[in-house]
Each structure stands twice: as structure tokens, then as C-alpha cells.
């Protein structure tokens, strides 16, 4: 195993750094271990270990709406969420069929 002698320096927003490091701690990782994991995944995949994409207009509007607290569906639990999803799907299916002749 090679010795760890390279240093990485990066400027990052303090709040983002704190939130990420809290997650690392919950996972039992140091920041160095998390960065090493990221680099190893980049090496193994020969690219970033996650998809990087520019969101389409629908996704962008959804992000803006949720950030502003608009058009939210609040669910009590997973069962309530699935009930609301099924209702939404069924209601949109009946709208697309149109009125009976």
C-alpha cells in the first residue's frame, strides 16, 4: 500500500461542509475516508459515481415549487402516500378517457 502523502485543498460553503461532515460521522467515516471513497469510485467507474445532468423544465419547476412550498402533497406515512398516488393516477386516467358517450 502506498503512503498517503498528497493533500487536497478546496474551498466550500461552511454550512455544506458541516452538513456533509455530520453525515460522514453518522456513517462512521472521517472526511478523509469519505473523500478517499469518492476518489476510489471515480477510479473504478472511470467517471463520477453518480449521474450529473441538467434538469429539464418540469424538474426545474418542481424544484422551484417545492423550495417555495407550493404544490406539496403532505402524507402521514408511506401507506398514505401510495393511496394518494393511486388516487392521482386513477383520476388522471379517467380524465384522459373523456366523458362517456
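Observations on the model:
- Pairs, first within 16 Å of residue 7 (Cβ to Cβ) in segment 26-37, second in a helix (DSSP H, G or I), C-beta under 7 Å, six or more apart: 30/24; 31/21; 31/24; 34/24
- Pairs, first surrounded by 10 or more Cβ atoms within 10 Å (Cβ to Cβ) in segment 72-97, second in a helix (DSSP H, G or I), C-beta under 9 Å, six or more apart: 75/81; 75/82; 75/83; 75/84
- Pairs where the first residue, in segment 50-68, is under 30 Å from residue 40 (Cα atoms) and the second is modelled with pLDDT under 95 and surrounded by 10 or more Cβ atoms within 10 Å (Cβ to Cβ), C-beta under 8 Å, 6+ apart: 55/63
The values are calculated or read from the model by the stated rules, or taken from the named source; none is laboratory data. Model, not experiment: these values are computed from the prediction. Using ideal geometry, Cβ is built from the backbone for each residue, glycine included, and neighbour counts are taken over all protein chains shown.
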